[in-house]
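The values are calculated or read from the model by the stated rules, or taken from the named source; none is laboratory data. Not measured: the values here are computed from a predicted model. Here the Cβ is made from the backbone with ideal geometry for all residues, glycine too, and neighbour counts use every protein chain on show.
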C-alpha cells in the first residue's frame, strides 16, 4: 500500500511541475511577442550597390548585310550573229568606250556595198532628171518667145508647159529616191556598226571591271543577249535591312563602320546614302544602302558584312548599371543609398540610351551609390546592409567610335 501511495504522489508532482513550466514559457513568449510588436523590428535588407558615373554613352546597332556593285552594265549586241572575237575576260579593268567583242560582219559589209550602189544609181537618175528638166525649160522659153512674135499659138505653149511640169516632177521623184538610198546606206552602216560591241555605259567612273563572262567566241547569239557583265567597284554599295524599331533613327549622311569575314580585324568606313521609303510586306523591313570607299578594290560584290551604326549619343550623361532600374507604382526609378550608408531613398527617373550594360538617366539628386540587387526588398526609407563584396564597380562607359 505504501509503494502505491508513493507512486501516486510522484505522478502528481510531475504533472504539477510540467504545468508550472508551461505557464512560465507561455508568459515569456507573450512578453517577447509584445516587445516585438511594439518596436516593429525589421532586419536590414542585404543589397548590392554600384557608383553612379558621369560620362558619354552611345547607342549602336549591328546589322547584317551584303555588298553590291554600285552600277552594272551588260554588254550585249543589238543584232544577232556569230561572235567572231571576244576582247575581254573576267577580272579585266576596262575603260568607257573600249572594244568588248566583234560579230561576224560579212553580211553587213555586203549590205553597205549594196546601199552605196543604190545611192550611185539614185544620184545618176537625179542628174539625168535635172538635164531633161533643163531642156524642157529651154523649150518652154523658146515657145514663149514665138508666142510673143505671133508665130506660135497657145496650144504649143500649153504643150511645152505641160512637158516642163512633167520633167520637174520626175526630178523630184529622182531626188526622193536619192534621199531613200542615202537613208538605206546610213542604216546599213549603223547595222554594220552593231557588229562591234563596246563598253558604252553612261555616268559613273571611267573605268570598271568585268565581273562575268557569259559566252565564248564562236557562239551564235541573238539580239540583246548579254556577252559580259561590267561592274563599278569604287565606290561599292553595302545593303542591309532595318525594322520599324530602328527605321526612324536612320538618315542619309549617317556614318557607319563595317566589317567582313574576308578581312578579320579590319574595319571599313561607309555613309548611309539611301533609305527605302517602303517596308517589304514579307519581312516588314526597309532597305538601306551605304556608300563605301573601295579605292583599294579589296571589297567585292556578294561579300557578307556586319554594319555598326550609331543611332544616338550623349556626352556628360548620368549613367547607372541597367540592373539598378526598377519600377514602383508604374514609374521608372531607382534606389539611392543615403549618406548614412544604411538607408535608401526612392528616386523617379527618365531613362534614355541603354547600351553596354549602362543606362542614361535623368532626375533629381542622382549621385553617389545606387542599389543594383535586392530592390524587391526595398521601399523608400528602407534599411539596408551591404555585405563584403556587395559594392560592385559600374561598367565603364564605352569609348565612342569615330565611324
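Go over the candidates 257, 307, 271 one by one and state the one that is part of a strand (DSSP E or B), under 12 Å from the mean Cα position of the chain (by Cα), in contact (Cβ under 8 Å) with a residue 40 or more places away in the chain and farther than 30 Å from residue 380 by Cα.
Working: 257 fails: under 12 Å from the mean Cα position of the chain (by Cα); 271 fails: in contact (Cβ under 8 Å) with a residue 40 or more places away in the chain.
Exactly one of 257, 307, 271 is part of a strand (DSSP E or B), under 12 Å from the mean Cα position of the chain (by Cα), in contact (Cβ under 8 Å) with a residue 40 or more places away in the chain and farther than 30 Å from residue 380 by Cα, namely 307.
How many residues, within the stretch 187-229, are assigned to a loop (DSSP other than H, G, I, E, B), in contact (Cβ under 8 Å) with a residue 40 or more places away in the chain and surrounded by fewer than 18 Cβ atoms within 10 Å (Cβ to Cβ)? If you could, list the steps in order and put the result at the bottom.
Within the stretch 187-229, the first condition is being assigned to a loop (DSSP other than H, G, I, E, B), and the residues that meet it are 194-195, 199-206, 214-219, 222-227.
Now drop any that are not in contact (Cβ under 8 Å) with a residue 40 or more places away in the chain, which leaves 194-195, 199-201, 203-204, 206, 215-219, 222-227.
Applying the additional criterion that residues be surrounded by fewer than 18 Cβ atoms within 10 Å (Cβ to Cβ) yields 194, 200, 203-204, 206, 215-219, 222-226.
Residues meeting the conditions: 15.
Quick check: anything in the stretch 276-291 assigned to a loop (DSSP other than H, G, I, E, B), surrounded by fewer than 14 Cβ atoms within 10 Å (Cβ to Cβ) and touching a helix residue (DSSP H, G or I) at 6+ places or on another chain (Cβ under 8 Å)?
Restricting attention to the stretch 276-291, the residues satisfying the condition of being assigned to a loop (DSSP other than H, G, I, E, B) are 276-285.
Now drop any that are not surrounded by fewer than 14 Cβ atoms within 10 Å (Cβ to Cβ), which leaves 277-278, 280-284.
Adding the requirement that they be touching a helix residue (DSSP H, G or I) at 6+ places or on another chain (Cβ under 8 Å) leaves 284.
Checked the stretch 276-291: at least one residue is assigned to a loop (DSSP other than H, G, I, E, B), surrounded by fewer than 14 Cβ atoms within 10 Å (Cβ to Cβ) and touching a helix residue (DSSP H, G or I) at 6+ places or on another chain (Cβ under 8 Å).
Residue by residue, here is whether (1) in contact (Cβ under 8 Å) with a residue 40 or more places away in the chain; (2) within 30 Å of residue 272 (Cα to Cα); (3) surrounded by 14 or more Cβ atoms within 10 Å (Cβ to Cβ) holds:
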residue	(1), (2), (3)
55	yes, yes, yes
64	yes, yes, no
70	yes, yes, yes
105	yes, no, yes
114	yes, no, no
117	no, no, no
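Can you give me the ranges of the strands (runs of 3 or more DSSP E) entirely in the stretch 4-122 with at least 1 residues that are closer than 30 Å to residue 246 by Cβ and modelled with pLDDT under 95?
Numbers: elements: 48-51, 53-75, 81-86, 93-95, 99-103.
In the stretch 4-122, the matching strands (runs of 3 or more DSSP E) lie at 48-51, 53-75.
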Query raised in the report: If a residue has to be in a loop (DSSP other than H, G, I, E, B) and over 21 Å from residue 319 (Cα atoms) to count, how many in the stretch 341-379 make the cut?
Result: 3
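Here is a check on your reading of the model: is residue 354 surrounded by 13 or more Cβ atoms within 10 Å (Cβ to Cβ) and out of contact with any helix residue (DSSP H, G or I) (no Cβ under 8 Å at 6 or more places or on another chain)?
Values: surrounded by 13 or more Cβ atoms within 10 Å (Cβ to Cβ): yes; out of contact with any helix residue (DSSP H, G or I) (no Cβ under 8 Å at 6 or more places or on another chain): no.
Here the answer is no, as residue 354 does not meet what is asked.
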**Report entry** Within the stretch 357-366, considering residues that are touching a residue at least 24 places away in the same chain (Cβ under 8 Å) and over 15 Å from residue 321 (Cβ atoms), the one surrounded by the most Cβ atoms within 10 Å (Cβ to Cβ)
**Finding:** 363
